1. For segment 168-246, what is the convex hull (Cα atoms) projected area averaged across all directions, in square nanometres?
2. Give me D for segment 1-50 in µm² s⁻¹, whole number, from Stokes-Einstein with Rh from the Kirkwood sum over alpha-carbon pairs, 4 °C and 1.567 mPa s.
3. Let me see the P(r) profile for segment 168-385: every Cα-Cα distance counted, bins of 5 Å, each bin given as a percent of all pairs.
4. Could you tell me which residue out of Gly155, Asn366, Asn192 lies farthest along the dipole of the chain toward its positive end? Charges go on the beta carbon: Lys and Arg +1, Asp and Glu -1, centred on the Cα centre.
5. Can you tell me the length gained on complete extension of the stretch Asp164 to Thr4, counting 0.36 nm per residue apart and subtracting the Cα distance?
6. What is the extension gain from Arg156 to Arg330, computed as 0.36 nm multiplied by their sequence separation minus the C-alpha to C-alpha distance, in nm to one decimal?
7. Hey, with R₀ at 41 Å, roughly what FRET efficiency would Asn338 and Asn202 work out to, going by the Cβ-Cβ distance, to 0.05?
8. So how do 18-30, 94-106, 309-321, 77-89 stack up, highest first, on mean other-Cβ count within 10 Å?
Amino acid sequence: MTITYKFRLYPKKAEQEKLETAREICRQTYNYLLAELDEGYTKNEIQNYLLDLKVCYPEMNDVHSKVLQMENQRLFGNLSSLVKLKKHGKKVGRLRFKGKNWFKTFTYNQSGFELIHLRAKKGILFLSKIGDIPIKLHRRVEGNIKNITVKKSNGRWYASISTDAVIKRVCGDKEIGIDVGIENYIYDSEGNVYENPKHFDNYHQELKTAQQSLSKKEKRSNSRIKARFRVAKIHERIANARDDFIHKLSTKLIRENKFIAIEKLNIKNLIGISYNAKNIADASWGKLSMYLHYKAENAGCVVQDVDPAYTTRDCNFCGHRNRKLFLWQRQFCCEKCNGELPRDYNSAINILVRGKELASLEKASNTGQLVQQVASMKAEATTST
Ligand SMILES: [Zn+2]
C-alpha cells in the first residue's frame, strides 16, 4: 500500500488566479477531448489531437503539458469505470460534459513539481506554470513523489501527494469480536468500550444557526453565497473529525489483534428504517469496516464479517436463544441459565465465536479445493504419460 498525503495550500492572489485559470483550461480540455471521443477516435489519436488544440487555443500553453495529458487519462478512466458498471448490470448513461461546478481537480504526473521542506511544518510546493505556493506540511513526506493532485474545496486549495513509500503494518496477537452500537461506538469481546464521539452533536448547534441564516438570505444574493459557504465548511469539519477518529481507531485495533470479527451491517437499509438515522449515519461503521479490511490486508491480520442475526439474543453461557430484546434493554439476562452480561458485551462474544467458526469453515473449504485441484492435476499427469 502506497501513501497519499493531503496538505493545505496557501496560494497568494497571483497564484490563486493561475490555479483557477489552470483548472478552467483543464475543464475545457476535458470537454474538447470528450467531443472527440464521441466522434469515435482512439486514446492515442485523442492524445495527438491535444497538439492541434494548442495551436487553436494558445492559452492552453499556460498549463503544464503533462497536466493536460492527464485529462485524456481521466477521460479514458471515466470511460472504463462506466463500462465496468454496465458489465455489472447497472443502468448507465454516457459521459457528460463538465460544467464549472463539477470540475475540482487537476493532476501533475511524474513531472512539473517540486516540494521543499522548510523549517517546522512549513514548506513550498513549486508547480510548473503556476509558481511557488506555501504549503503546510503536518507530516514529513516519505518516498519519491509520483503525482500531485490539486483540488479546490469550499474555497480552499489542497494538494494530494502520492508517493512510492510503502507502509508496513504489524498486527497484534489477540482475537476480538466487535459489536457496533449507538450508545457506544463499538464494544469488543474483551470488554473494551469505545464511546461514540457524536461529532454531529458537537457541531449541531453551529450547523443549525448557519442553516437558519442561509434560509433567510435572498435568493441569488452575495450574502446567500457566503452563508452557503459557511454551511459547507461546517459539514467539511464534521467529515474530517469523523474520518480522523475512524482512522485512529482502526489502526489501534489492527495493531492489537490478529483476528477481528465484526458484524456486517447493511448501513443503507438501517438509514432507511431507523428513527436513529442521523446517529447511524454519523457513526459511519461502513467506513470503519472498510478501513479495517484494507489495513488488515497490509498487516497480515484477518477481518471476518459476521451476519449479526440473533447475536443480541443468544446466550453465550448456555446457547439459549432469548425472546427479542428491546433497544432500551441494555442488559442481557438469559431466560434459561440466568446468566447476565451487558447486552453489547454478550453480542461481541457471540460475534467472535461465530466469526471464528466462519473463518475455519472458509479455511477448510479452501484447503479442500486445493486438495481436489492437486488430485485432478495428478490424475491428468498419469493419464497423459
Ligand atoms: Zn444462558
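Quick note: the coordinates plus some simple rules give every number you see, no bench work behind them. Source: prediction; values computed, not measured. Counting neighbours? That spans all protein chains shown, and the Cβs are built from the backbone with ideal geometry, glycine included.
1. Working: hull surface 31.6 nm².
Value for segment 168-246: 7.9 nm².
2. Numbers: Rh = 13.6 Å.
My calculation gives 95 µm²/s for D.
3. Result, from short to long distances: 1, 6, 11, 14, 14, 12, 10, 8, 7, 5, 4, 3, 2, 1, 1, 0, 0, 0 percent.
4. Result: Gly155.
5. Values: separation 160, 0.36 × 160 = 57.60 nm, distance 0.90 nm.
Result: 56.7 nm gained on full extension.
6. On the way: separation 174, 0.36 × 174 = 62.64 nm, distance 4.47 nm.
Length gained between Arg156 and Arg330: 58.2 nm.
7. 0.50
8. Working: 18-30: 19.1, 94-106: 12.8, 309-321: 15.9, 77-89: 11.0.
Answer by packing, highest mean first, reads 18-30, 309-321, 94-106, 77-89.
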